[in-house]
Amino acid sequence: MQALTTRAKQVQRKPLSWVERIYLWNIFKGMLITFSHIFKKQPTIHYPEQKRTFSPVFRGLHVLNRDEEGRERCTACGLCAVACPAEAITMEAAERMQGEEHLYREEKYAAKYEINMLRCIFCGLCEEACPKDAIYLSETFTPSDFTRESFIYGKENLLIPDPVKQPEAFAKARGLN
Amino acid sequence: MQEHQHHIKLPEGSIEKQTTTLNLGPTHPATHGVFQNILELDGERIVSAEQTVGYIHRAFEKLAERRPLYQITTLTDRLNYCSSPINNMGWHMTCEKLLKIETPKRVDYLRIIIMELARISDHLICNSIVGVDSGAYTGFLYVMQYRELIYEIYEEICGSRLTTNIGRIGGFERNFNAVAFEKLEKFLREYPKVLKEFDNLFVRNRIFMDRLQGTGAISAERALNYGFTGPNLRASGVDYDVRVHNPYCSYGDFDFIIPVGKTGDNYDKFLVRDEEMWQSLSIIEQAYRKVQDFKGADAEVFHADVPEYYLPEKKDVYTKMEALIWHFKIIMGETDIPKGEVYFSVEGANGELGFYLISDGGRTPYRLHFRRPCFVYYQAYEEVTKGSMLSDAIITMSSMNLIAGEMDA
């Protein structure tokens, strides 16, 4: 074959010298490297006792957000469901009634909001699509359960604790402490 | 010959079946993926092999016909999952070619850093798995920490490690933060030593060389006839590299060499990949220096100005009506894609990864085809393994870097 470019460089492939031909030498050389690793710092961490710190933008399980007064932010516009490439999100909208202003921030809210965590691919497009800062991906990951049905998360699983009524649980969920 | 054996290619002169049929796969621990091979064995020697494709076919090309452009990125994640950023960026650059978007230089350089990191992580996996399959497990474990570090760099930028969904049409979703650059510096500082140690363990090791030399060889002519690209073709001696022949993403600004082999056997493939990792490292260093040279406002640029496809900033979406309208328009995929037909290819970690995109002026692609290098390599699997031992065929499979996700799309 003629060369197509001027940048090609042949890889080194010279035959073995007599020292390299000795099996024992190879075993000795390999063992030397292995033994040197005994004295090195352990790179593994003991999950789940120890956990590594994630980046602030880590994409874990979803959380439905509340505002500082504890009202749900979601207005059921459906952008997250449209943006979802895995079609994992479904929702039903309802209108806010008189006297519910302390529960919902906007005039329309999600009466039902479900994410199928078995379909979800954690791409983060729902978070990006949300125009109300109502859904974000937290640092929680590896959910486990016994049935498939329990992986369809409803509002009771997704909503963040109320910052007014349960400030400690809220702070924990936001990862503030 | 019995009736049910008519599909088996018997060695010439045999009067009855004297060979063993072995189903290697579709779920076999040694194949690292969903591959099926119906092998015909004479003792331990392979007489013939029949490959089956399609066990994890997920109809990505069809799915893409019903998705707006930005959602297709998540499909490309799952092609070659060892180096998904290259697939993501290849897809974004395909869209940019169709939409005629010019990206700023800083975006190009940042993309090159990420793509070359992905190439290193892919070659690292491939080469160390060749070691594992030939009985040397330790090297694999030593280099995994540094693949982990590469994944942490991805995580700082996009939030995920394996299926990255990194970048957007026109650039990145967010600027690289200080931690990302810190980790990149750490990688550039520590990785050469680790790769050196990895070379010490493998390159001149007699046991390793005996296993790899002369197995899985393919001549340059046959490789070209099959349509080989990437390290597998370069190992046969053809210096074809998309980064040099058709520079994309400002690869022309960088200085690097193309390592080539001679015989195309597994040892040459190993050496070519090894040398490519060193070259990638030097490209990352060059790109990082170039990124640091940007000063003032230029140093904050991380995406091109494309309001039709790049989402407005979140704080504008919360407060300004115009930004909110753009936001809805982009997310709902309500922008018509210009009519056209483009082919764009990047040098993926294991070959030329091409995207053939046809748009008929609608909101989704009319047709999208991925040119997946693994699909091509797998066709040659019978030819390169015929006559070799079964255990060598396993090494050949890993050293061709066959990845089921990419083969089947």
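The values are calculated or read from the model by the stated rules, or taken from the named source; none is laboratory data. Being a predicted model, the structure only gives us computed values, none of them experimental. Reconstructed Cβ throughout: ideal geometry from the backbone, glycine too, with neighbour counts over all protein chains shown. Each accessible area value is taken on the protein alone, full model and side chains, heavy atoms only, with ligands, DNA and RNA left out. Shrake-Rupley method; radii C 1.70, N 1.55, O 1.52, S 1.80 Å.
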query: Looking only at residues in region B:52-83 that are under 22 Å from B:GLU383 (Cβ atoms) and surrounded by fewer than 16 Cβ atoms within 10 Å (Cβ to Cβ), which one is farthest from the other protein chains (Cβ to nearest Cβ)?
result: B:THR52
- request: Kindly indicate whether B:TYR343 is more than 21 Å from B:ALA180 (Cα to Cα), at pLDDT 90 or above and surrounded by fewer than 18 Cβ atoms within 10 Å (Cβ to Cβ).
  value: yes
3 or more residues open to solvent by 20 Å² or more (accessible area, probe 1.4 Å): qualifying helices (runs of 4 or more DSSP H) within region B:190-306: B:206-212, B:220-226, B:266-293
Flag if B:LEU233 is within 12 Å of another protein chain (Cβ to nearest Cβ) and closer than 25 Å to B:GLU382 by Cβ: yes
query: Which of (1) open to solvent by 30 Å² or more (accessible area, probe 1.4 Å); (2) in the same structural domain as B:LEU141 (by TED's automatic domain parsing) is the odd one out, the single condition B:ILE86 does not satisfy?
result: (1)
Within region B:158-212, tally of residues that are touching a Leu at 6+ places or on another chain (Cβ under 9 Å), within 11 Å of chain A (Cβ to nearest Cβ) and within 29 Å of B:VAL291 (Cα to Cα): 5
task: Starting from region B:302-314, take each residue that is within 14 Å of another protein chain (Cβ to nearest Cβ) and within 20 Å of B:ILE157 (Cα to Cα) and list its partners that are open to solvent by 60 Å² or more (accessible area, probe 1.4 Å) and in a helix (DSSP H, G or I), counting only C-beta distances under 7 angstrom and pairs at least six apart or across chains.
output: B:PRO312/B:TRP326
query: Is it the case that B:GLU352 is of a type in the set (Asp, Glu), in contact with a strand residue (DSSP E or B) (Cβ under 8 Å, 6 or more places away or on another chain) and within 30 Å of B:GLU44 (Cα to Cα)?
result: no
statement: Within region B:315-348, the count of residues that are among the hydrophobic types (A, V, I, L, M, F, W, C) and more than 14 Å from chain A (Cβ to nearest Cβ) comes to 4
message: Show the residue pairs meeting these rules: Cβ distance below 6 Å; 6+ apart or different chains; first residue within region B:168-197 and under 16 Å from B:GLU148 (Cβ atoms); second residue of a type in the set (Phe, Trp, Tyr) and part of a helix (DSSP H, G or I).
response: B:TYR191/B:TYR146; B:VAL194/B:TYR146
query: Of the conditions (1) open to solvent by 80 Å² or more (accessible area, probe 1.4 Å); (2) out of contact with any Lys or Arg (no Cβ under 9 Å at 6 or more places or on another chain); (3) more than 8 Å from every other protein chain (Cβ to nearest Cβ); (4) closer than 27 Å to B:TYR146 by Cα, A:THR6 fails just one. Which one is it?
result: (4)
task: For B:ASP122, work out the one condition from (1) modelled with pLDDT of 90 or more; (2) surrounded by fewer than 24 Cβ atoms within 10 Å (Cβ to Cβ) it doesn't fulfil.
output: (2)
statement: The strands (runs of 3 or more DSSP E) lying wholly within region A:1-110 that contain at least 1 residues that are touching a Pro at 6+ places or on another chain (Cβ under 6 Å) are A:8-10
- request: Just give me the residues in region A:115-126 being surrounded by fewer than 20 Cβ atoms within 10 Å (Cβ to Cβ) and either closer than 18 Å to A:ALA173 by Cα or within 10 Å of another protein chain (Cβ to nearest Cβ) (or both), in sequence order.
  value: A:ILE121
